[in-house]
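All of the numbers you see were taken from the coordinates with simple rules; none came from a lab. Please read these numbers as outputs of a predicted model, since none were measured by experiment. Note that we place each Cβ from the backbone using ideal geometry, even for glycine, and neighbour counts take in every protein chain shown.
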Amino acid sequence: MGSRPLVPLLLAQAALFVAGVLAWLAFTHGLYANALLCLLAAAALVLSLSQRLVSARPLRSAAAPPAAAFSAALGRRRLQLLLDQVPSPILLRGQDDQIVAVNRAARQLFDTPYALPAPARQALTDDRQFRELTTPVRWQGAAYAVNRAELLENGETGDLVVLTDISADVRAAEAGALRDLLRVLNHELMNALTPVASMSRSALELLRDGDPHSIPTAIKAIERVVARTDGLQDFIGAYRAMTRLPPPVRTMVDLPLWFDVACDSFEAQWRDKGVALERAPPPDMQARLDEDQMWLAVGNLLNNAAQAALERPNPRVRLTAEQVEGALHLTIEDSGAGVASDYIDQVFLPFFTTKATGSGVGLSLARQIAQAHGGTLALLPSDPRDPDRLGGARFRMALSL
């Protein structure tokens, strides 16, 4: 069946869903009068639905009496008027996979009277199935949070999506991230350039003296300047790598095979250094990801874990893959000292590191790759009651399947 026969009944369910969402938002923001108004509207919709469901003939019957048909049409008109007052765009997918603009906000946003045109659909879903649309989307320079619900009526299914404009929140988050980045860049550049300037000045003064005994000291100072500039060049190279990360090219990947390659690569690098890798067989499944970028992300996490584990006796690293409620969880844990409480809020900042030779890029780059896949990367709290814990830091990457 097409989506048009499904739309009238789903419009009522959509209105109830939206009224509930708006009531919850109003209540959580202290707008109790608005919340009550939304609840009253929902109650009116429930009453209208009840009257229609107990009628002698179904709404879609072509032989319905004129009065019943007029009543049904009037009810649909009321629902449409209510939905058109909702400021958030509402979309609906029927069984023919056509995406319909349900209310005025959606029709105006996508400039369509009914079904979304192909360019809008492509930009919205980015090659994903509509039912996979759970992460924020962008359209015409704005960012929208996605709230999706699956609807079922008379054996027909449909997906309802409400888009909420979060552009202001995204801009604020981006501004905060930029301030953090500039603060770290300023700190790192000043740390590198201050000793370079001091040692260069000292070497220049020694060479100007013309004392042969000062030449070895001047050469030593210049060597240190070269070493610091090499470190600064490495830092700039790491920054360029972060800013040039291309969008992921996601394909269906055999998870056990991908997992084995990641483990073999780690063991080839760290086994001779005494770091043991603990692994469990991953679920036998396909995962949609950019395998090269994900190897890079997980490789950075494993390398950080190995370096932390080496600070204590019997260094161990654990890598697990689990399927949890429609998501793939990749967890990396080490037997090191863990992350100090003072640094928990800073570990994902670009170029932040507590290691003398670290670049501070690995964790930030891994999180960037996870987010580009529509996932997350988080530092999990340590649970001392867990008998299987290794005792160090534990990071989890969650990817939607």
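Over 18 Å apart: what share of the alpha carbon pairs of the stretch 280-401 falls there, rounded to a whole percent? Across the stretch 280-401, Cα pairs with separations above 18 Å total 51 percent. A crude spin-label estimate for the pair Glu325 and Asp388, with each label 7 Å from Cα along the Cβ direction, gives 1.9 nm.
Each of Asp345 and Thr251 was given a label point 7 Å from its Cα along the Cα-to-Cβ line. The distance between the two points is 4.3 nm.
Model label sites at Glu156 and Ile215, defined 7 Å from Cα along the beta-carbon direction, differ in position by 9.3 nm. Peptides 253-265, 326-338, ordered by how many other C-beta atoms sit within 10 Å of their residues on average, highest first, read 326-338, 253-265. Sorting 307-317, 99-109 by average packing, meaning the other beta carbons within 10 Å per residue, from highest down gives 99-109, 307-317.
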